[in-house]
Amino acid sequence: MYLNCENGKKLPFKHKFDKGGYVITNPMQIFAAFDAAEKRSDIHTIVVDSLTYLMDMYESQFVITATNTMQAWGQFAQYFKTLMQTYVARSTKNVIFTAHVKDELNEGEMVRETMVPIKGSIKNNGVESYFSCIIAAKKVKLKDLEGYESSLLNITERDEMLGYKYVF
């Protein structure tokens, strides 16, 4: 089950998602989608694309329009926690979230840190702390990949022309 939270944006590749996926226009639809998926034996995986857009959607629809924004930010955090600690935790399906990321320089450690830019109190723990496996594609110069041996690393002519490759 593909849950498209990115304004109905079409996927750039062929897929066999159930009914081509479902466009989410209200963050509360996610809960109903998880419940519906649990009732169907033909669905083995739920893909939420993307967590970043989902949380932005919640902010636009429920925080910015609220008369009490302080209370609304608390509900924003609770929405995320309910999604993760109730719906994802009890799901019998594989659950995959995509997210957009932001790189920031940690000046104290002098390293670049990659994070999912979610607002509010969720940022304090980091969205990443809710996941057991995080995969990110990074642009790496080919010279930095020299000597790396793996049957999974396939450097194409195009990669050589560009001088870099996206790797996981």
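The values are calculated or read from the model by the stated rules, or taken from the named source; none is laboratory data. Note that the coordinates shown come from a computational prediction; the quantities given were computed from them, not determined experimentally. We place every Cβ from the backbone using ideal geometry, glycine too, and count neighbours over all the protein chains shown. Calculation scope for accessible area: heavy atoms of the full protein, side chains included, ligands and nucleic acids excluded. Shrake-Rupley method; radii C 1.70, N 1.55, O 1.52, S 1.80 Å.
On the stretch given as segment 123-168, residues that are in contact with a helix residue (DSSP H, G or I) (Cβ under 8 Å, 6 or more places away or on another chain), in a helix (DSSP H, G or I) and surrounded by fewer than 13 Cβ atoms within 10 Å (Cβ to Cβ) total 1.
Let's see how each residue does on (1) over 22 Å from Y58 (Cβ atoms); (2) touching a His at 6+ places or on another chain (Cβ under 7 Å); (3) among the charged types (D, E, K, R):
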| site | (1), (2), (3) |
| --- | --- |
| L3 | no, no, no |
| G8 | no, no, no |
| P12 | yes, no, no |
| H15 | yes, no, no |
| T25 | no, no, no |
| F31 | no, no, no |
| K39 | yes, no, yes |
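Residues in segment 83-113 that are surrounded by 10 or more Cβ atoms within 10 Å (Cβ to Cβ), assigned to a loop (DSSP other than H, G, I, E, B), out of contact with any Leu (no Cβ under 6 Å at 6 or more places or on another chain) and of a type outside the set (V, I, T): S91, K93, H100. Residues that are open to solvent by 40 Å² or more (accessible area, probe 1.4 Å), under 20 Å from K9 (Cβ atoms) and more than 16 Å from the chain's Cα centre (by Cα): does segment 61-82 have at least one? The answer is yes; a qualifying residue exists.
In segment 21-39, the condition of being in contact with a helix residue (DSSP H, G or I) (Cβ under 7 Å, 6 or more places away or on another chain), without any contact (Cβ under 8 Å) to a residue 40 or more places away in the chain, farther than 24 Å from G8 by Cβ and open to solvent by less than 40 Å² (accessible area, probe 1.4 Å) is met by no residue.
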